[in-house]
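Handing you this structure, nothing more for now.
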Amino acid sequence: MSIEKMEAAELLSKNKFNVDEEIAHIEIDKTICAQCREKPCLYVCPVVLYKLDKNGDISFDYAGCLECGTCRVVCHDIGSKGIVKWVYPRGTFGVNFRYG
Amino acid sequence: MSEEAQFDAIIIGGGPAGAACAYTLAKAGKEVLVIERADTPGAKNVTGGRLYTYALEILEEGLSQEAALERKVTHEQIMMLSGDRSISVDYHNPAFNTAGQPPMSYTVLRAVFDEWLAGKAEEMGAMLVCGIMVDDLIEQDGKIVGVLAGEDEMYADIVIAADGVNSFMAQKAGLIADIKQETVGVGVKEVIELPADTIQQRFNIKEGEGAARMLLGCTEGIHGGGFLYTNKDSISLGAVFMPEGLADKKKSVHEMFQELKMHPSIYPLIEGGETVEYAAHLVSEAGFRGIPQKLYRDGFLMIGDAAGFVINTGYSIRGIDLAILSGIAAARAVIGAENAAAAGARYVTELENIKLLPIMKAVDGYFDLLETPFIYDKVPNLAIDVFDSLFTVHGDVPEKMSKNIMKLIKTNGLSIWQFIKLGIKGVRSI
């Protein structure tokens, strides 16, 4: 194994997760996101969980979230925030840092 | 404790602030419950990082010498990067590590350290429950009396929020609003495994010794910087960026950090290693002025990152030590106060007594200095250009140094005037 640039998905494969398959701890409202011009979430998520799909809409998957909270902090309030829910995963779920 | 209460104190969060608080309370015979949302304390936490030992020694003399720490920091380093060039400064003072005294600081991994410290609190008699997320506070007659976790209600004379930088508990208590983006940085870090002797060779250190390195000029002008810490058999390499800057420049934090790894002055340090974890966390950047106006209300205190206790001077970052201090201060307030209602005001006094607030106030001005945009790209580039002209020898007649520096200041889009203003700002603020 040598050091090289790694895609976010590959980096995530190094981490220990217990993904909550039942409850999403972050939810977005795509109709609000569609009105957001800047879309800062595309740049600040350390694991690039916010992406633009073919239609130019925001797509998001909460699995792989490192629970940093940056997306919530930068989410623009254009009447309301596109991130309509941001809580920590239920107890024991989510990322489990072994080094931290 | 009051009739309804099951505990003298409930602490939300088993990080260093919560554990230090629980340790001190339990030692004084208080019934304490620590509720941690992760499977084990520390499993949600991230540091750069390092820990300054004095805080552990205040918690209990000798504690730093049995703590789960990595390497004592013997080399303080600053590295400026520009393009593929770099300047490194290495500061070594043996007095930071005098025989017979605890070394001044250690590199640290939080999943390991936090679990150890929470274990010490348990040994003292604190009760620790893991894997439980506190959903809400319970309020009665304007007083916080307990916490709600799923269906479970738990009551205590005082609830202490040690739930970190995204303190939802402090928000629910009405003491803070949601975080403003200009007050935080997003930090990312890879832990890269390497054999201990390889680390020692590459950093020119002995067994047990370590380096702490700050990196400037690796953020493409965005307010932020990088860091590198040597652990026992791994290297923590990371970077912190102001999220606003990333969004403005449309640069991905992930992409910028991956580029840093491959920098010709960084890569040889981690070459052949294996990434074993990729972590991220928010870090408060506002320092003293970011501390909430009120740190308590009836039945409720906030400590550690939840209260914004972080210092960033650009050359050193402190958080874990301040978290421990605030945990001790909160415990002392609870122990010394006649009742829970009196604990809040007393907590602020204890934060003064333990010197946390004076320390943070003394370095408050760094925030202004660090807001100067050109220190993140133009200044490192200029310094490197100057070094370049010093060390370049081709047999040409060199230009007069003073004239050359003036020229380089100009080509870097800077002016003498900006440096004078920065100097004045520096004198005023720090």
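Looking at (1) more than 10 Å from chain A (Cβ to nearest Cβ); (2) aromatic (Phe, Trp, Tyr); (3) surrounded by fewer than 21 Cβ atoms within 10 Å (Cβ to Cβ), which is the only condition residue B:296 fails?
So residue B:296 meets the others, but not (3).
Considering only residues of region B:171-218 that are small (Gly, Ala, Ser) and under 22 Å from residue B:240 (Cβ atoms), which is surrounded by the fewest Cβ atoms within 10 Å (Cβ to Cβ)?
Across region B:171-218, the extreme among qualifying residues is B:211.
Could you pull out the residue among B:164, B:119, B:125, B:142 that is closer than 19 Å to residue B:14 by Cα and over 26 Å from the mean Cα position of the chain (by Cα)?
B:125
Only residues that are buried (at least 22 other Cβ atoms within 10 Å of the Cβ) and under 18 Å from the mean Cα position of the chain (by Cα): list them for region B:54-63, please.
Once the filter is applied, which keeps residues that are buried (at least 22 other Cβ atoms within 10 Å of the Cβ) and under 18 Å from the mean Cα position of the chain (by Cα), region B:54-63 yields B:55, B:56.
Of all residues being at pLDDT 95 or above and over 22 Å from the mean Cα position of the chain (by Cα) in region B:2-23, which is farthest from residue B:307 (Cα to Cα)? Just the residue, please.
Going through the qualifying residues, I end up with B:7.
Quickly run through region B:133-179 and pick out the residues that are assigned to a strand (DSSP E or B), hydrophobic (A, V, I, L, M, F, W, C) and under 13 Å from residue B:301 (Cβ atoms).
Within region B:133-179, B:137, B:144, B:156, B:158, B:159, B:160, B:161 qualify.
A follow-up question, please. Kindly indicate whether residue A:78 is among the hydrophobic types (A, V, I, L, M, F, W, C) and modelled with pLDDT under 95.
yes
Rundown of residues vs (1) of a type in the set (Gly, Ala, Ser); (2) within 9 Å of the chain's Cα centre (by Cα), yes/no style:
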| site | (1), (2) |
| --- | --- |
| A:33 | no, no |
| A:55 | no, no |
| A:67 | no, yes |
| A:73 | no, no |
| A:80 | yes, no |
| A:92 | no, no |
| A:95 | no, no |
| A:100 | yes, no |
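Also, quick follow-up: Does region A:89-100 contain at least one residue that is surrounded by fewer than 18 Cβ atoms within 10 Å (Cβ to Cβ), more than 7 Å from every other protein chain (Cβ to nearest Cβ) and hydrophobic (A, V, I, L, M, F, W, C)?
No, because not a single residue in region A:89-100 is surrounded by fewer than 18 Cβ atoms within 10 Å (Cβ to Cβ), more than 7 Å from every other protein chain (Cβ to nearest Cβ) and hydrophobic (A, V, I, L, M, F, W, C).
Considering only residues that are among the small types (Gly, Ala, Ser) and outside any loop (DSSP other than H, G, I, E, B), which ones fall in region B:58-93?
Residues satisfying the conditions are B:64, B:82, B:86, B:88.
Is it the case that residue B:47 is under 18 Å from residue B:123 (Cα atoms), hydroxyl-bearing (Ser, Thr, Tyr) and buried (at least 24 other Cβ atoms within 10 Å of the Cβ)?
no
Mind listing just one residue for me: the one in region B:394-418 that is hydroxyl-bearing (Ser, Thr, Tyr) and part of a helix (DSSP H, G or I) and, of those, farthest from residue B:221 (Cα to Cα)?
Checked region B:394-418; the qualifying residue farthest from residue B:221 (Cα to Cα) is B:402.
Going by what's in this entry, would residue B:112 be described as assigned to a helix (DSSP H, G or I), of a type in the set (Val, Ile, Thr), within 10 Å of chain A (Cβ to nearest Cβ) and under 30 Å from residue B:191 (Cβ atoms)?
Yes.
Next question, about the same structure. Quickly run through region B:249-288 and pick out the residues that are under 25 Å from residue B:310 (Cα atoms) and acidic (Asp, Glu).
Those that are under 25 Å from residue B:310 (Cα atoms) and acidic (Asp, Glu): B:277, B:285.
Just wondering, is there one or more residues in region B:253-274 that are charged (D, E, K, R), farther than 21 Å from residue A:48 by Cβ and modelled with pLDDT of 95 or more?
yes
Follow-up. Report yes if some residue within region B:46-58 is within 13 Å of another protein chain (Cβ to nearest Cβ) and either polar (S, T, N, Q) or more than 26 Å from residue A:68 (Cβ to Cβ) (or both); otherwise report no.
yes
Let me ask you something else. Can you name every one of the helices (runs of 4 or more DSSP H) wholly within region A:1-83 that holds 2 or more residues which are under 25 Å from residue B:111 (Cα atoms) and at the interface with chain B (Cβ under 10 Å from one of its Cβ atoms)?
A:8-12, A:70-74
Just to be sure I understand, how many residues within region B:86-123 are surrounded by fewer than 18 Cβ atoms within 10 Å (Cβ to Cβ) and in contact with a helix residue (DSSP H, G or I) (Cβ under 6 Å, 6 or more places away or on another chain)?
Final tally of qualifying residues: 0.
Ok, one more. Looking at the structure I just gave you, is residue B:257 more than 10 Å from every other protein chain (Cβ to nearest Cβ) and hydrophobic (A, V, I, L, M, F, W, C)?
Here the answer is no, as residue B:257 does not meet what is asked.
Could you tell me whether region B:306-316 includes any residue that is more than 10 Å from chain A (Cβ to nearest Cβ), in a helix (DSSP H, G or I), touching a residue at least 60 places away in the same chain (Cβ under 8 Å) and closer than 21 Å to residue B:365 by Cα?
Looking for residues that are more than 10 Å from chain A (Cβ to nearest Cβ), in a helix (DSSP H, G or I), touching a residue at least 60 places away in the same chain (Cβ under 8 Å) and closer than 21 Å to residue B:365 by Cα, one finds at least one in region B:306-316, hence yes.
Could you tell me whether residue B:260 is within 30 Å of residue A:2 (Cβ to Cβ) and touching a residue at least 40 places away in the same chain (Cβ under 8 Å)?
Considered against the rule, which asks whether it is within 30 Å of residue A:2 (Cβ to Cβ) and touching a residue at least 40 places away in the same chain (Cβ under 8 Å), residue B:260 comes out as yes.
The values are calculated or read from the model by the stated rules, or taken from the named source; none is laboratory data. Not measured: the values here are computed from a predicted model. Because the Cβ atoms are built from the backbone with ideal geometry, glycine has one as well, and the counts that use them run over all protein chains shown.
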